Amino acid sequence: MISFLKLIRLPNLLIIAFTQCLVRWCLVAPLLKAQSTFYTLQLSNFNFFLLVLSTVMIAAGGYIINDYFDIKIDKVNKPDRLVIDKGVKRRVAMMAHTVISIFAMAIALYVSWSIGHWKLALIHFICASGLWFYSTTFKRQFIVGNIVIAAFTAIVPLVVGIFELLPVYHTYLPVEENLSFLIIWKWVLGISFFAFIITLLREILKDIEDKEGDQEFGCNTMPIVIGIKPSKAVAIIIAFATMCCLGYLQLLQYQLKDWVGLIYFTIAIQLPFAFLIFKIIKAQTKDQFHFAGNTAKFIMLTGVCYLIVFNYFLFQ
């Protein structure tokens, strides 16, 4: 059981569930309420639980199939963290991936059908299929795999907005009032873009960390194609550009006298970003790049946690 929980990356799954809960209850719900007392969340608590469960299961299936196809590479890159063939047999892993993915898509189809938009289940079908092709093909290609996995990460918060807001447009919201919901979409898309850019950064760092095994088995990741130093430069540019964008948001916070948000951005996001850039510059070994990647994951978590501050101080 412990080996299986390692295989499906339980901490990452908890972060996914946590993110979707924050987007729903700390962002979409209060902003909907701010528009009018008439507009409410469209998913029942049970259906939202199923939506989160489906998303988490899709991710778990993706982790399993990724490790399944990366057995040989992982024996070189991270032999001490190898799970398949050590704690979980290959046929068990493949069966678990198939069962989990099928159940996840069935749950997504039920939730979509229950709100009258069954086509929304295609999101989960595309993600499940995309994670398969990511594991077999995309991740071995230059930059393609990085962008694909970053896009799927961005879908995690985005899917909450889609499932909660789309029924409002089709059922309750008059066409002439659609623009009043633009602010909600801006926030949801902002969180999704933040998840995308941090994941892209982290995937580049992981590719640098795994360069040895990837190169041995014919992958064409960024550090293999252009080298480690240029890849580090790309990661630093992405991190610095993100800091600049956050700096612009902080300027708006200053103009709006949102001191709590300004302080939170500075301490919980900007300073860790500066530390991350420093660690990337200094990184030379696999362990150092691994630490930098975990720092990026930490920044993503603190960025998402800002929604708690956003909800409490702006709407309480």
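Observations
- Selection status of residue 193, of a type outside the set (A, V, I, L, M), assigned to a helix (DSSP H, G or I), modelled with pLDDT of 95 or more and surrounded by 19 or more Cβ atoms within 10 Å (Cβ to Cβ): no
- Test: residue in the stretch 12-27 that is more than 26 Å from residue 99 (Cα to Cα) and surrounded by fewer than 17 Cβ atoms within 10 Å (Cβ to Cβ): yes
- The residues in the stretch 140-149 that are touching a residue at least 40 places away in the same chain (Cβ under 8 Å) and either surrounded by fewer than 21 Cβ atoms within 10 Å (Cβ to Cβ) or part of a loop (DSSP other than H, G, I, E, B) (or both) can be counted, and the count is 5.
- In a residue-by-residue description of the stretch 17-33, the property of being outside any helix (DSSP H, G or I), modelled with pLDDT of 90 or more and within 30 Å of residue 187 (Cβ to Cβ) applies to no position.
- Across the stretch 34-51, the number of residues qualifying as modelled with pLDDT of 95 or more and either crowded, with 20+ Cβ neighbours inside 10 Å or hydroxyl-bearing (Ser, Thr, Tyr) (or both) comes to 2.
- The stretch 102-124, residues that are touching a residue at least 60 places away in the same chain (Cβ under 8 Å) and surrounded by fewer than 21 Cβ atoms within 10 Å (Cβ to Cβ): 110, 114, 115
- Where residue 307 falls short, out of the listed (1) under 26 Å from residue 67 (Cα atoms); (2) within 20 Å of the chain's Cα centre (by Cα); (3) not β-branched (Val, Ile, Thr): (1)
The values are calculated or read from the model by the stated rules, or taken from the named source; none is laboratory data. Keep in mind it's a predicted model, so treat the numbers as computed, not measured. We place every Cβ from the backbone using ideal geometry, glycine too, and count neighbours over all the protein chains shown.
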